[in-house]
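The values are calculated or read from the model by the stated rules, or taken from the named source; none is laboratory data. Please read these numbers as outputs of a predicted model, since none were measured by experiment. Every residue, glycine among them, receives a Cβ derived from its backbone with ideal geometry; neighbour counts consider all protein chains shown. In case anyone asks, the SASA skips ligands and DNA or RNA and just uses the protein heavy atoms, side chains included. Shrake-Rupley method; radii C 1.70, N 1.55, O 1.52, S 1.80 Å.
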Amino acid sequence: MTTVVIRRPDDWHVHLRDGPMLAHVLDFTARQFARAIVMPNLDPPVVTTADAESYRQRILAGLRPDRRFTPLMTAYLTDGTDPRDLAAGFERRVFTAAKLYPAHATTNSAKGVSDVRRIYPVLAEMERVGMPLLVHGEVTDPSVDIFDREAVFLERVLAPVIRDFPGLKVVCEHITTEDAVAFVLGHGDRVAATITPHHLQFSRNAIFQGGIRPHFYCLPILKREKHRLALRRAATSGNPKFFLGTDTAPHAVHTKENACGCAGIFNAPVALEAYLTVFDEEGALDRFAGFASEHGARFHGLPLNDGTVTLVREPLPVPDRLESQGVAVVPYQAGTTLPWRMVTS
Ligand code: DOR
Ligand code: ZN
């Protein structure tokens, strides 16, 4: 097959940032996706319905006029989240979901949740109104090895939450391990997961290939090869519990290439091409549309998109750097050539 046509897809996990970085990165997502779940980890974070309404306006104001792109907003849960504001924001369709960052787990998570039991009243309200919980699933206990933080989180934190809130919809975001695949498969339809292109394409060896490679550093960190293979099986299985979420997370080049570099991989410029390469390698091109354009929308109870995108089997050289608005970012797969390219309109 040399051409793949799918219903316009959605990205269920995106960092669009704000200010000049938002202006620089927004169109890379808007040109490929009809909708995207927008992460709330700005500084300060998007906590209230009013915060989300104003961030949404800044995103819409930055869109090219010919784009048909809908940002789906999320709330950043804190120890002090007001359950009534959150539920009202969901019922008014300002919020699509709420995001749990364990405090200090990742970029701009200092105001995250210090102990999940503190937000039990919030989770009860979310369960009542049907608002999905999106989870950054890593413990922050410094005594837990960084490569084990996801597996420990599932057992210590998420399993009790799922048990205590039997109606709560939960998305395990950017899963990275065979443990997470098994966890998602082991729970009912209300538990799903997103998977990134980088966790499908690279193991942790990539971070140390001939030297330290900061552009492969993200959180949760890349894991060993057996985990990558488990993720590839899950993503290409056709199971509707698994869907596309890039976790594209741009950082200015000097903050990545740094003695203490930021976590995040900027994959938006080549997201669909990277995922399609994986599905092609796995002999699963016929399952790509489900993963990219259907499973996530069905999980969230949203309509499928109209229109299509087309990808062709043609080389796509990826630039070393992308620069605009005075911001330079190194894209995922910089300097390589991907075997598929989206046909631009
Ligand atoms: O690598 C990451 N980057 N993981 C996250 O959880 C946050 C993200 C970011 O915002 O940069
Ligand atoms: Zn993220």
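Taken over the stretch 1-55, the criterion of being part of a strand (DSSP E or B), within 20 Å of PHE90 (Cβ to Cβ) and more than 16 Å from ligand 2 (Cβ to nearest atom) is satisfied by ARG35 alone.
Pick from VAL312, VAL327: which is at pLDDT below 95, of a type in the set (Val, Ile, Thr) and over 28 Å from LYS169 (Cα atoms)? Give the steps one after another, and end with the answer.
On the way: VAL312 fails: at pLDDT below 95.
From the options VAL312, VAL327, the qualifying one is VAL327.
Residue-level check: of (1) touching a strand residue (DSSP E or B) at 6+ places or on another chain (Cβ under 8 Å); (2) within 16 Å of ligand 2 (Cβ to nearest atom); (3) in contact (Cβ under 8 Å) with a residue 60 or more places away in the chain, THR106 misses just (1). Within the stretch 260-270, can one find any residue that is free of Cβ contacts under 8 Å to residues at least 12 places away in the same chain and either under 27 Å from ILE207 (Cα atoms) or of a type in the set (D, E, K, R) (or both)? Taking every residue of the stretch 260-270 in turn, at least one turns out to be free of Cβ contacts under 8 Å to residues at least 12 places away in the same chain and either under 27 Å from ILE207 (Cα atoms) or of a type in the set (D, E, K, R) (or both). You will find that of ILE175, ILE221, the residue that is within 15 Å of ligand 2 (Cβ to nearest atom), under 25 Å from ASN267 (Cα atoms) and either small (Gly, Ala, Ser) or crowded, with 23+ Cβ neighbours inside 10 Å (or both) is ILE175 and no other. Give the residue that is nearest to VAL38 (Cα to Cα), with candidates limited to residues of the stretch 159-193 that are touching a Cys at 6+ places or on another chain (Cβ under 9 Å) and of a type in the set (Gly, Ala, Ser). The qualifying residue nearest to VAL38 (Cα to Cα) is ALA193.
Taken over the stretch 7-46, the criterion of being more than 16 Å from ligand 1 (Cβ to nearest atom) and surrounded by 20 or more Cβ atoms within 10 Å (Cβ to Cβ) is satisfied by PRO9, ASP10, ALA30, GLN32, PHE33, ALA34, ARG35. The numbered conditions (1) of a type outside the set (Val, Ile, Thr); (2) more than 16 Å from ligand 2 (Cβ to nearest atom); (3) open to solvent by less than 60 Å² (accessible area, probe 1.4 Å); (4) not in a helix (DSSP H, G or I) are all true for ARG68 except (3).
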